[in-house]
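> Below is one structure. I have some questions about it.
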Amino acid sequence: MQRGGRAPRRPTMAAARASLRGLLVAAERAAGPARPWEQPIPHVTRLLRHSSNQPAGPQASPDPRNRGLPEGVEYIPTRKKGKNPMKPVGVAWYTLYARTRLGYLFYQRQLKKAQERYPRGHSIPQPCCFPGVKILPIPVLSSNYSYLVIDTGSSRAAVIDPSDPLAVEAAIEEEGVMLEAIFCTHKHWDHSGGNVALRQRHSSCKVYGSALDTIPELTNPLADREKVSVGCLTFEALATPGHTVGHMAYVLDGEPFGCPPCLFSGDLLFLAGCGRLFEGSPETMLASLDVAMSLGKDTLLWPGHEYALECLTFASLLELDNPALDQKLQWATQQRQEKRSTCPSTLGEEQTYNPFLRTHRPELQAALGMQQGTREDPDTFRARVLKEVRRRKDLYKAT
C-alpha cells in the first residue's frame, strides 16, 4: 500500500500496449537492419491491434498445451516488479521476447546500453586457477556472467553462455586459447546472444544445449547426463527445467585437476536465489534444484547472474535470525561496494542461507507461516514452500 492507504495503480492495457510499441521502435532503431540469420518477426502491429479490440475485463489464460510444452510442465507468467523486461504485458511480452525477433532486438538494445554504461564490465573478474584448468568469469550486460573454461595444458577452451561476443572474444584473444565449444544453459538471448558471432569467427566450434530450447546455432543437442570433452576437460549436462523447458546446467569434473566439481548453473541457481519459473511448475523447479544439490557440498557454484546482494537482502527478510546469512550479506555488501564478483559460492554454503534450498527447514517454514498437511507428501509440501518463496521474491523490489 502507498501512503494514505491507497493501493498503487496498475498499468492499463492501453498503457501496456503503448509501452510495447515504444520498446519495439527503440529496439528496431538500436538494432539497425535485420541480419540474415534472424528469424522473421511475426506481425506485431497486427497482434497489438487485435489485442486492443478485446473486451475489457479478465481474460482466460491460454492453455499451456497450446504453447508446445511437454506434458507435466506448467507455464507460469512472471509477476516480478521493478526492472523487469516482462513487466509491460506479462505473458504476451515473454512470448514475444522468447519466441520472436523482438527478443533479439531487445537483447541488442540491452547489450549496447550495457557496453556504454560498463565499458569494463559490471564487476571485476576474479579468475580461479587449479593445476591444469582456469575458470575466467566474464562480466557481460548489466548482471550476466559468461565463463571461459580453459584446459591450460592444451590451450583449448569452452565458453558458457556467451552473452556479449565482443567481451568473450577479447578474453579468448587475451588468453591465447582456441575456442572448441559453447555450452548454452538455455535459449534466452542474454545467455545465447553471442552464439552466431562466435560461430562465424570460430567455425569449428560446436554449440551444445538442449533441443527443447530454441538455442541459436545449436549443433550438438545434449541429453540428460551426457558428457562432452574439451581437451582434458569433461563437462556433464544436467537437465534442469523450470526456468525454461530445456534449461541445462553443466558440471565440470574437477577430479583430474584436484579441485571440486564446478556447477555452471545458468538461471537455475544463483547465490542465495534461483531463476523465475517462466516455463515450469514449482514441482519441476524443486526437482531440478534437488538434482543440483545431489552434486555435493564442496561443489563450486558459478551462477549466470550477479544477483547476490539483492537475493541475500531478500533472504534476510525471511529469516531474521540466521548467522550464516548475516555474515554472507556483510561479505557480499563489501564485495559489491568494491565492484568485485561474488562467485563462486559452494553448494554447502548455499544450503545455509539460500531460501530456495531450505524448503525443508522448519525455521523457513515458520517464517512463511506454513505447515505441512497431515497426509501431505513431504516433497509436495516443499514445492508449496518453494512456490511461496518464489512468489514473494517476484514481488520483492530492492531499495
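> Which residue, of Thr185, Thr234, Thr214, is in a loop (DSSP other than H, G, I, E, B), assigned by TED's automatic domain parsing to the domain that holds Leu263 and within 25 Å of Leu295 (Cβ to Cβ)?
Result: Thr185 is the single residue among Thr185, Thr234, Thr214 that is in a loop (DSSP other than H, G, I, E, B), assigned by TED's automatic domain parsing to the domain that holds Leu263 and within 25 Å of Leu295 (Cβ to Cβ).
> Out of Leu395, Leu364, I need the residue that is hydrophobic (A, V, I, L, M, F, W, C) and surrounded by 17 or more Cβ atoms within 10 Å (Cβ to Cβ). Which one?
Among Leu395, Leu364, only Leu364 is hydrophobic (A, V, I, L, M, F, W, C) and surrounded by 17 or more Cβ atoms within 10 Å (Cβ to Cβ).
> Here's something else I'd like to know. Hey, does segment 265-284 have a residue that's touching a Pro at 6+ places or on another chain (Cβ under 8 Å), surrounded by fewer than 19 Cβ atoms within 10 Å (Cβ to Cβ) and either in the same structural domain as Val91 (by TED's automatic domain parsing) or assigned to a loop (DSSP other than H, G, I, E, B) (or both)?
no
> Which numbered condition in (1) surrounded by fewer than 20 Cβ atoms within 10 Å (Cβ to Cβ); (2) in a helix (DSSP H, G or I); (3) touching a residue at least 40 places away in the same chain (Cβ under 8 Å) is the only one that Ala315 fails?
Of everything listed in (1) surrounded by fewer than 20 Cβ atoms within 10 Å (Cβ to Cβ); (2) in a helix (DSSP H, G or I); (3) touching a residue at least 40 places away in the same chain (Cβ under 8 Å), Ala315 misses just condition (1).
> Could you pull out the residue among Leu111, Leu166 that is more than 18 Å from Leu263 (Cβ to Cβ), crowded, with 24+ Cβ neighbours inside 10 Å and among the aliphatic types (A, V, I, L, M)?
Unique residue meeting the criteria: Leu111.
> Please count how many residues of segment 169-187 are out of contact with any Phe, Trp or Tyr (no Cβ under 8 Å at 6 or more places or on another chain) and closer than 21 Å to Thr95 by Cα.
2
> Something else now. Take Ser154 and tell me if it is outside any strand (DSSP E or B), modelled with pLDDT under 95 and either out of contact with any Pro (no Cβ under 7 Å at 6 or more places or on another chain) or outside the structural domain of Phe235 (by TED's automatic domain parsing) (or both).
The answer is no for Ser154.
> Across segment 114-137, what is the total count of residues that are part of a helix (DSSP H, G or I) and either in contact with a helix residue (DSSP H, G or I) (Cβ under 8 Å, 6 or more places away or on another chain) or within 27 Å of Ile150 (Cα to Cα) (or both)?
2
> Cβ contacts < 9 Å: first residue over 25 Å from Lys227 (Cα atoms), restricted to segment 166-181; second residue polar (S, T, N, Q) and in a helix (DSSP H, G or I), any location; separation 6+ or different chain. Result?
What qualifies is Leu166/Gln115; Ala167/Gln115.
The values are calculated or read from the model by the stated rules, or taken from the named source; none is laboratory data. Bear in mind the structure is a predicted one, so any value in this text is a computation, not a measurement. Counting neighbours? That spans all protein chains shown, and the Cβs are built from the backbone with ideal geometry, glycine included.
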